[in-house]
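What follows draws every value from the coordinates through simple rules; no lab data is involved. Bear in mind that the values here come from a model prediction, so they are computed numbers and not experimental data. Counting neighbours? That spans all protein chains shown, and the Cβs are built from the backbone with ideal geometry, glycine included.
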Amino acid sequence: MKNTELKSNMIILAVLLVLYITYQFITHQQFYHQLKADSITTWGEITARLVEQNPNNEAEIMKVLTSHSADASMYQEKGREIFRQYGIYEDLESELFPVLNNHIAGHNQSILWGLLILGFMLFGTSYWQYKMIFRNIRQLTSAAKRIIEGDYSVVINENKEGDLAKLAISFRSMKDMIRKSMQDLLEEKKFLGQMLQDISHQLKTPLSTISIYNEMMLNENLPRQQQVQLLENNDVQISRMNVLIQNLLKVAKIDARAISFDKERANLVETIEEVVDRLASMIREHHIMIDWDAPKEVVVAHDKMWMQEAVLNLLKNAIEHSKPGGNIIIRVNDTPIYTELVIQDFGEGIEAQELLHIFDRFYKASGSKKHDSAGIGLALTKAIIESHQAMIKVESEKNAYTKFTVTFIKF
């Protein structure tokens, strides 16, 4: 029986029942013993009187008392007839038989006391058990109120087995889940606040620029050519804000686990080649040479669309920070344990002390020539890659090279 509370209750009831049966057995034995003793005393007195009056009838009297008389039925009927003459019948009340009545009264009193004691023990046991159960329930109720009030230091100890123990374990699990949910909500609230602060900071500059350009265009004496130029500048700032907002939304969704990556085993080489084709015009514009060497097929579990987003950011970053006519190396190395993607440029490089912050949101290297960068691309790239259970690292030397390595573990 798995229900410990019910099991203990049944054991206690069984013990009480055994005790009551034992008590009744002893009481009945005492009743029979006393009845036998009094019967011997009474019939002994009668026998002594009869033998004293007629000593020759002693043997016959003993036969009657021991039920060994051959004509017992005849004398039994005669005896009943004699009793009737004195008003003694079989259906008379027991009060008219003092000796027997005392025995019956005493026996009934013993049974009554036994029932009273049994009832008292049953009541006391039930009261004790229910008191323990309701005490535990009150503890759980009090603990629930404290958790609602935000106190998660509540400890519910229930070392016994049974339904109450299972309830306590479920309660502790619920408490841990609520605490984790509240912590996640606080972290999300903190993250949202930081995100709004970052967005506000990043949008402040382009909005201020647009505002200034609009004020300048309100000047009626401004030549048409300058108005067109200001409108074009506004368009650039709006495009910049659009890209920034889109990337921020992507990062926020990944951080909030609101995106379900559709990972499939696909050719990583084809994924990279499509990115190179998309940036072909930008590569030609900067006169960049792409040193692209990889096997025809390297199968890796990844979400093609999102992985292209990450690779595009890495390759675009390499192009923008390379010198005109420079060279960019793209390698895919496949081993039984891992697959490695390397994108390396030989441009302006990054200072050693800035490498630790290169993936931070809105971080821009102090010596970066890309002044219109929002510093969100590499943060998005890192979020996408880590969501694929992969790793990304960067190596760089100022005015020499920058090397990004993405590693996909196969186990």
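When the dipole is taken about the Cα centre of segment 164-255, and only Lys, Arg (+1) and Asp, Glu (-1) are charged at their Cβ, what size is it in debye, to the nearest 20?
Dipole size: approximately 780 debye.
Considering only alpha-carbon pairs that sit under 8 angstrom and 6 or more positions apart, the relative contact order computed for segment 264-409 is 24 percent. So which trypsin sites (Lys or Arg not before Pro) in segment 199-286 pass both tests, a DSSP loop state and at most 12 other Cβ atoms within 10 Å of the Cβ? Here the trypsin sites (Lys or Arg not before Pro) that fit, given the DSSP loop and packing criteria, are Arg257.
Descending by average beta-carbon neighbour count within 10 Å, the peptides 267-273, 182-188 line up as 267-273, 182-188, the highest first.
Between the beta carbons of Arg172 and Ser281, assuming R0 = 56 Å, the FRET efficiency works out to 0.40 to the nearest 0.05. Sort segment 164-312 into rounded, prolate or oblate with this rule: let a ≥ b ≥ c be the square roots of the eigenvalues of the Cα gyration tensor; rounded if a/c is under 1.5, and if a/c is not under 1.5, prolate when a/b is larger than b/c, oblate otherwise. The shape class here is oblate.
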